[in-house]
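Everything on this sheet refers to the single structure shown next.
The values are calculated or read from the model by the stated rules, or taken from the named source; none is laboratory data. Please read these numbers as outputs of a predicted model, since none were measured by experiment. Virtual Cβ from ideal backbone geometry, glycine too; neighbours counted across all protein chains shown. These accessible areas exclude ligands, DNA and RNA; they are computed on the full protein's heavy atoms, side chains included. Shrake-Rupley method; radii C 1.70, N 1.55, O 1.52, S 1.80 Å.
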Amino acid sequence: QVQLVEAGGGLVQAGGSLRLSCATSGRTFSNYAMGWFRQAPGKERDIVAAISSSGTSTYYTNSVKGRFTISRDNAKNTVYLQMSSLKPEDTAVYYCAAATYITIKYTDFAFWGQGTQVTVSS
């Protein structure tokens, strides 16, 4: 089992920044690829970004490219999502998740955090 706990969500004005973190415990963090997903009310949970176990490969959905950065610190068992130039449409609950290989498919992620709310006001 891998336990994941997100932090860093909150209310921010459009154009602002937030840094989400996801602390993990349990199995060896460096063995897992990590992803950030988000789910807005009434919508599906969609991939935002993903990072390989070593951190050398990343993926971003088109709508966040150039604004969000995913990173990880394997020594601290933590993955981050730096979000800048936030827009109201970024408002959602953000979840981190762990998978045994780099992927963007929701069903490939075996372990999930509880989510953290991000609200961007216009």
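The condition (being outside any loop (DSSP other than H, G, I, E, B), out of contact with any Pro (no Cβ under 7 Å at 6 or more places or on another chain), farther than 17 Å from Leu11 by Cβ and touching a residue at least 40 places away in the same chain (Cβ under 8 Å)) is satisfied by just one residue among Val118, Val48: Val48. Selection of region 76-113 for residues being within 12 Å of the chain's Cα centre (by Cα) and within 13 Å of Gln39 (Cβ to Cβ) yields Ala92, Val93, Tyr94, Tyr95, Cys96, Ala97, Trp112, Gly113. For region 93-118, filtering for residues that are out of contact with any Phe, Trp or Tyr (no Cβ under 6 Å at 6 or more places or on another chain) and at positive phi leaves 0. Taken over region 28-52, the criterion of being of a type in the set (Gly, Ala, Ser) and open to solvent by less than 40 Å² (accessible area, probe 1.4 Å) is satisfied by Ala33, Gly35, Ala40, Ala49, Ala50, Ser52.
Candidates are the residues of region 59-105 that are aromatic (Phe, Trp, Tyr) and open to solvent by less than 60 Å² (accessible area, probe 1.4 Å); the one that is nearest to Ala40 (Cα to Cα) is Tyr94.
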